[in-house]
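The values are calculated or read from the model by the stated rules, or taken from the named source; none is laboratory data. Bear in mind that the values here come from a model prediction, so they are computed numbers and not experimental data. With ideal geometry, Cβ positions are generated from the backbone for all residues, glycine too; neighbour counts draw on all protein chains shown.
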Amino acid sequence: MNFKSFCLKTVCISGLSMFAGKCLNDLVMLANGQLMPVYDAACPAGLILDRNHFCGFPNSHLKFLADYIHWSGTICSPGDFLLKLGSSFFVVFLILFLYFVAAPLTKN
């Protein structure tokens, strides 16, 4: 497999990762009244944090998809993790792929 093919496959996989992350976040928010539950020791149940987040109740739906992962100074959900992972690879490898496609076009 050449590097151009590797870049294209990485762009596709990272795009799917971002799509999956967005779907997971939408699913948990849909199940919880358009709000994302947050589970943290300092978060009292039911407190509305902002327009998208609330401190989760013990009976909130799809708790395993909620925000509970402490990562890089913030609390993330599995969907957020997939979005961040996918977007970081997507941009880099899309630029590389476009470079390898456009470079032959500029040669005479």
Query raised in the report: Within segment 72-87, is there a residue that is modelled with pLDDT of 95 or more, of a type outside the set (Ser, Thr, Tyr), surrounded by 15 or more Cβ atoms within 10 Å (Cβ to Cβ) and in contact with a Pro (Cβ under 8 Å, 6 or more places away or on another chain)?
Result: no
Query - Contacts under 8 angstrom Cβ, first residue in segment 1-13 being closer than 10 Å to residue 97 by Cβ, partner surrounded by 12 or more Cβ atoms within 10 Å (Cβ to Cβ) and among the aliphatic types (A, V, I, L, M), 6 or more apart - result: 3/96; 4/101; 7/94; 7/96; 11/94
Query raised in the report: Which pairs do you get when a residue that is of a type in the set (Phe, Trp, Tyr), found in segment 45-70, comes within reach of a residue that is not in a strand (DSSP E or B), reach meaning Cβ atoms under 7 angstrom, with the pair 6+ apart or on two chains?
Result: 54/35; 54/46; 54/47; 57/45; 57/46; 68/39
Report task. Among the residues of segment 89-102, count how many are without any contact (Cβ under 8 Å) to a residue 24 or more places away in the chain and either within 30 Å of residue 44 (Cα to Cα) or not β-branched (Val, Ile, Thr) (or both). Result -> 3
Query - Subset of segment 36-53 (residues that are at pLDDT 95 or above and β-branched (Val, Ile, Thr)) - result: 38
Requested in this report: From the list 54, 93, pick out the single residue that is under 30 Å from residue 2 (Cβ atoms) and of a type in the set (A, V, I, L, M, F, W, C).
Outcome: 93
Report task. Scan segment 30-48 for residues that are out of contact with any helix residue (DSSP H, G or I) (no Cβ under 9 Å at 6 or more places or on another chain) and surrounded by 15 or more Cβ atoms within 10 Å (Cβ to Cβ) and jot them down. Result -> 32, 38, 43
Report task. Select, from 91, 11, the only residue that is in a helix (DSSP H, G or I), β-branched (Val, Ile, Thr) and exposed (fewer than 13 other Cβ atoms within 10 Å of the Cβ). Result -> 91
